[in-house]
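**Student:** This is the structure I have questions about; it appears just below.
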Amino acid sequence: MARFLVRRAISIFISLIGATVFIFILTRLGPDPIDLYLGDTQVEVSQEFIDLVRAEFGLDRSLPEQYGIWVWSLLRFDMGQSIGSARPVKDIIRDHITVTLRLAMGAWIFAIVVGLSMGVLSAVKRGKSWDYSARTLALFGQAIPQFWSGVMAILLFAVILGWFPAGTLGKQEGFPLAWTNLRYWILPCIVLGWPASAGIMRLTRSSMLEILDSEYIKLARAKGVGTWTVIWKHGLRNAVIPPLTSALILMADYLNGALVVEIIFSLPGIGQVALQQAVYDNDWPLLAGTVFVFIGIYVSFAFVADILYALIDPRIRYQ
Amino acid sequence: MNTTQIERTQIERDLLGIREDPPVVRELRAAWRFSRRWPTLPMIILGSLIFAGVFAGPLAPHDERAGGIRERHTTPFWFADGSTNHILGTDHAGRDVFSRLLFGARISLVVAAIALTSGFLVGTTMGIISGYSGGWVDEVITRIVDVWQALPFLMVALVMVLLFGQSLKLLLILMASLAWSPFVRVIRSQTLVIKTEPYVDLARVAGCSVPRILIRHILPGVVNTAVVIATLTVGNLILAEAALSFLGAGVPAPTPTWGSMVQEGRNHLTTAWWPTVFPGAAIFAVVMSLNFTGDWLRDRLDPRLRQLMD
């Protein structure tokens with residue numbers, strides 16, 4: 001197990017290094033960052049001022065040096081200063097990441113609850129109408145563009161039916177799970193979690209079908225154990241491993257969607273910040289910082305999923 | 001039953017209690033069986049997508065970029081105050097939604113096709129090379145794919161657009177960069193299996209060069225799989241392109257795309273739903289058909305893939 005962990009840690013380290021190199025090259029491939037900073041100013045800017053700004057952002061050093069400085073500051077959780085608002089990137093991200101994490105968490109819970117129960121249901125009722133409707137919902141979830149399902153959800157449930165607020169977070173006061181707070185989260189979480197739940201549902205279904213076909217299930221049935229006890233205690237407990245571990249990876253994949261969902265529901269998360277402040281203001285330190293946070297979340301999720309998988313299923317360790 | 005059809009008169013049938021379905025029901029039933037065996041509806045949808053994309057110019061009743069504030073938010077034709085002049089109504093700038101849909105189909109089609117072709121070529125090549133050579137080459141390629149898949153695509157795309165400015169060329173590069181990685185892993189594992197086949201050893205003994213072995217002996221074995229992965233990836237490509245357009249990072253403004261139509265329409269959602277609903281529904285229908293066809297192709301061409309990809 002120790003060897004496995006070390007191997008995984010090394011490979012994750014390499015992934016992170018690769019990602020930093022990639023982001024760094026990306027930010028340096030384009031036009032000179034100074035031009036982005038100065039924008040399309042018509043005013044004549046003196047060379048001295050340009051040099052001053054260049055020195056302030058450390059752009060007067062050589063590229064490897066700049067990369068080293070950037071990585072070193074990343075290790076100290078220092079992501080430089082935002083150009084647009086002259087605040088540390090770290091602070092901006094800290095202010096907004098709770099919203100993103102809550103959104104992701106809510107969506108994840110939705111995806112797991114719905115995905116697992118639908119998967120079990122459609123495996124148990126294989127070939128019946130339950131199975132078909134669950135699979136159709138999953139097909140829908142994998143084909144629907146989130147920016148559109150979000151808008152449609154707002155149109156239907158907020159504008160026409162008026163059940164939920166149409167966006168923004170309102171005042172989040174008191175107990176976080178109280179209805180006055182919770183109702184702002186329900187639509188975004190469902191919109192974000194639906195495609196993930198489709199993936200989990202398909203996995204649960206196939207692994208459940210495999211387990212239900214096995215000898216010990218037949219034995220349990222033969223000795224007269226009740227149908228639902230067989231399904232829950234004997235079936236699901238064994239079938240749940242692959243969907244649960246891949247749920248972690250799936251959620252990390254759907255962080256991409258968090259960006260879109262935040263924009264549609266005007267939630268002040270880091271995706272929203274990245275787009276509105278960083279892209280429209282040409283604020284590349286902020287953008288690089290947010291991209292790195294996204295990658296960090298993805299990689300740590302993947303790492304946890306790997307460890308969980310190895311803990312549960314010893315065969316993985318020796319591959 | 002089907003082999004020996006006994007001719008009976010109507011009276012005989014009534015006496016024996018044989019009820020025969022009327023021809024309409026029989027045909028409907030046959031059509032249902034046919035559509036279960038062949039993906040008919042998805043094929044029709046995809047066919048009309050290609051048709052719309054290719055013939056967008058002659059088909060479109062109006063100029064897709066020209067509007068007029070007087071024609072703002074005209075309702076679709078089935079509304080009381082709608083007219084057949086604008087079948088699906090107009091958007092907030094008075095532009096014809098139907099014509100914009102047609103031209104949007106063209107963009108989706110072109111982007112998906114080019115991205116997919118390049119992704120197919122690069123991904124399959126890398127997969128074969130990685131699987132066949134093994135060792136450090138394999139290690140490096142798998143590592144690159146790992147890093148690549150850890151990158152949040154939309155964010156990276158936004159960075160690129162910020163740095164290089166919005167253009168069709170950049171969009172194509174971005175989409176192609178998204179398209180190749182799904183191929184590598186599956187093709188690699190497929191190659192690992194084929195590599196051990198006796199005919200590959202024979203080819204090596206006979207003195208074939210490595211490129212020849214790769215192209216003549218390994219490639220034909222993985223091509224089916226690659227086709228299946230391709231059909232299963234197109235849907236995601238179209239979704240990604242739409243999301244990029246939605247975020248304002250796709251094809252630059254005057255050209256209509258389905259994603260940007262949703263983006264523009266959603267600010268006027270309460271006054272007019274049609275400029276938002278139709279393009280989104282189009283994406284949904286097309287991606288759904290693609291996924292459906294992909295699943296069907298996979299079960300036909302390469303059933304073993306089900307375990308690898310689910």
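The values are calculated or read from the model by the stated rules, or taken from the named source; none is laboratory data. Remember, it's a predicted structure, so these values are computed and weren't measured experimentally. Using ideal geometry, Cβ is built from the backbone for each residue, glycine included, and neighbour counts are taken over all protein chains shown. Quick note on the areas: whole protein, heavy atoms, side chains included, nothing else; ligands and nucleic acids left out. Shrake-Rupley method; radii C 1.70, N 1.55, O 1.52, S 1.80 Å.
**Student:** Please arrange B:Tyr199, A:Tyr309 by accessible surface area, largest first, computed with a 1.4 Å probe and ligands excluded.
**Tutor:** From most accessible down to least: B:Tyr199, A:Tyr309.
**Student:** Can you run phi through the Karplus equation (6.51, -1.76, 1.60; θ = phi - 60°) for region A:260-275 and list ³J(HN,Hα) in whole Hz, with x for Gly and Pro?
**Tutor:** Listing the rounded values in order: 5, 5, 4, 5, 5, 8, 6, 8, x, x, 6, x, 4, 4, 4, 6 Hz.
**Student:** Given all pairs of different Cα atoms, what value in angstroms does the Kirkwood hydrodynamic radius of region B:96-309 take?
**Tutor:** Its Kirkwood hydrodynamic radius stands at 18.8 Å.
**Student:** I would also like to ask the following. Starting from the amide H of A:Gln81, placed 1.01 Å from N in the peptide plane, find each other amide H under 5 Å away whose residue is 5 or more places distant or on another chain.
**Tutor:** HN-HN under 5 Å from A:Gln81: A:Val89.
**Student:** Here's something else I'd like to know. For A:Lys90, what accessible surface area do you get with a 1.4 Å probe? Give it in Å², rounded to 10.
**Tutor:** Its heavy atoms expose roughly 90 Å² to the probe.
**Student:** Still on this structure, I have one more. Taking the Cα centre as origin and putting +1 on Lys and Arg beta-carbons and -1 on Asp and Glu beta-carbons, what dipole magnitude results for the protein assembly as shown, to the nearest 20 debye? Walk me through the numbers before you get to the answer.
**Tutor:** Values: 53 positive and 46 negative charges, 518 e Å.
Rounded to the nearest 20 debye, it is 2500 debye.
**Student:** Report the FRET efficiency, 1/(1 + (r/R0)^6), for B:His92 and B:Ser35, where r is their Cβ-Cβ distance and R0 is 30 Å, rounded to 0.05. Provide the component values of the computation, followed by the final result.
**Tutor:** On the way: r = 39 Å, r/R0 = 1.30.
In this case the efficiency is close to 0.15.
**Student:** In whole Hz, what ³J(HN,Hα) sequence does region B:10-15 give by Karplus (6.51, -1.76, 1.60; θ = phi - 60°), x for Gly and Pro?
**Tutor:** In residue order, the calculated couplings are 4, 4, 4, 4, 4, 5 Hz.
**Student:** Long-range amide H contacts for A:Leu267: which residues qualify at under 5 Å (H placed 1.01 Å from N, peptide plane, sequence gap of 5 or more or a different chain)?
**Tutor:** Distant-sequence amide H within range of A:Leu267: A:Thr168.
**Student:** What nm distance separates the two modelled labels at B:Phe55 and B:Val137, each placed 7 Å from Cα along Cα→Cβ?
**Tutor:** 4.8
**Student:** Which distance in nm do the two modelled labels at A:Arg28 and A:Glu215 give, with both placed 7 Å along the Cα-to-Cβ direction?
**Tutor:** According to this spin-label approximation, the distance is 6.1 nm.
**Student:** Where does each of B:Phe164, B:Phe103 land when they are ordered by accessible area, with a 1.4 Å probe and the largest first? Working shown, then result.
**Tutor:** Numbers: B:Phe164 95, B:Phe103 35 Å².
So, going from the largest accessible area down, we get B:Phe164, B:Phe103.
**Student:** Taking Cα pairs under 8 Å and at least six residues apart, what relative contact order does chain B come out at, in percent?
**Tutor:** It comes to 21 percent, rounded to a whole number.
**Student:** Another question, then. Give, ordered by residue number, each residue of region A:189-235 whose 1.4 Å probe accessible area is reduced by a minimum of 10 Å² on adding the remaining protein chains to the chain alone.
**Tutor:** A:Arg202, A:Leu203, A:Ser206
**Student:** Using only atoms on other chains, find how many Cβ atoms lie within 10 Å of each Cβ of peptide B:158-170 and report the average. Write out the running numbers ahead of the final one.
**Tutor:** Values: counts 9, 12, 3, 1, 11, 11, 4, 2, 0, 0, 0, 0, 0.
Counting other chains' Cβ atoms within 10 Å and averaging over B:158-170 gives 4.
**Student:** Let me ask something else about it. List every residue whose amide H lies under 5 Å from the amide H of B:His62, counting only residues 5 or more places away in sequence or on a different chain, with H placed 1.01 Å from N in the peptide plane.
**Tutor:** So B:His62 has HN proximity to B:Ser99.
**Student:** How much accessible area per residue does region A:89-282 have, in Å², with a 1.4 Å probe?
**Tutor:** Ligands and nucleic acids excluded, the result is 45 Å² per residue.
**Student:** In sequence order, what are the phi-derived ³J(HN,Hα) couplings for region A:228-239 according to the Karplus relation 6.51 cos²θ - 1.76 cosθ + 1.60 with θ = phi - 60°, rounded to whole Hz, with x for glycine and proline?
**Tutor:** 6, 5, 4, 5, 6, 6, 8, x, 4, 4, 8, 7
**Student:** While we're on this one: Run the reach check for A:Lys233 against lysines, Cα to Cα strictly under 19 Å, same-chain hits fewer than 8 apart removed. What comes back?
**Tutor:** A:Lys125, A:Lys218, A:Lys223
**Student:** What residue among B:Thr9, B:Ser177, B:Ala60 has its Cα farthest toward the positive end of the dipole of chain B, where the charges are +1 on Lys, Arg and -1 on Asp, Glu, each on the Cβ?
**Tutor:** Towards the positive end, the residue furthest out is B:Ser177.
**Student:** Separate question: Residue farthest toward the positive end of the dipole of the protein assembly as shown, with Cβ of Lys/Arg at +1 and Asp/Glu at -1: which of A:Phe294, A:Trp185, B:Thr225?
**Tutor:** B:Thr225
**Student:** Same structure again: What does the average come to when, for each residue of peptide A:135-147, you count the partner chain Cβ atoms lying within 10 Å of its Cβ? Numbers along the way, then the final one.
**Tutor:** Details: counts 0, 1, 0, 0, 5, 2, 0, 6, 14, 7, 14, 4, 12.
Average per residue, whole number: 5.
**Student:** Another question, if that's okay. Compare the Cα positions of A:Gly269, A:Ile160, A:His234 along the charge dipole of region A:89-282 (+1 at Cβ of Lys, Arg; -1 at Cβ of Asp, Glu; about the Cα centre) and return the one farthest towards the positive end.
**Tutor:** Looking along the dipole axis, the top candidate is A:His234.
**Student:** Measuring from label point to label point, each 7 Å out along Cα→Cβ, what is the A:Arg61 to B:Arg65 span in nm?
**Tutor:** The modelled label-to-label distance comes out at 4.7 nm.
**Student:** Once you average over the residues of A:148-154, how many Cβ atoms of partner chains fall within 10 Å of each Cβ?
**Tutor:** Working: counts 16, 2, 3, 10, 9, 0, 3.
Mean shielding count: 6.
**Student:** Which residues belonging to region B:259-283 lose at least 50 Å² of 1.4 Å-probe accessible area when the assembly is complete, relative to their chain isolated?
**Tutor:** B:Arg266, B:Leu269
**Student:** Here's a follow-up. When the dipole is taken about the Cα centre of region A:89-282, and only Lys, Arg (+1) and Asp, Glu (-1) are charged at their Cβ, what size is it in debye, to the nearest 20?
**Tutor:** Computed about the Cα centre, the dipole is about 880 debye.
**Student:** Given N residues in the protein assembly as shown, what is its alpha carbon radius of gyration divided by 2.2 N^0.38 Å?
**Tutor:** Working: Rg = 27.6 Å, N = 629, 2.2 N^0.38 = 25.5 Å.
In units of the globular-protein estimate, the protein assembly as shown measures up at 1.08.
**Student:** Given the protein chains as shown and a 1.4 Å probe, how many square angstrom of B:Thr231 are accessible, to the nearest 10?
**Tutor:** Counting only protein heavy atoms, B:Thr231 exposes about 30 Å² to solvent.
**Student:** Let me ask something else about it. Order the peptides B:34-46, B:129-141 from the highest to the lowest mean number of other Cβ atoms within 10 Å of their residues.
**Tutor:** Top to bottom by mean Cβ count within 10 Å: B:129-141, B:34-46.
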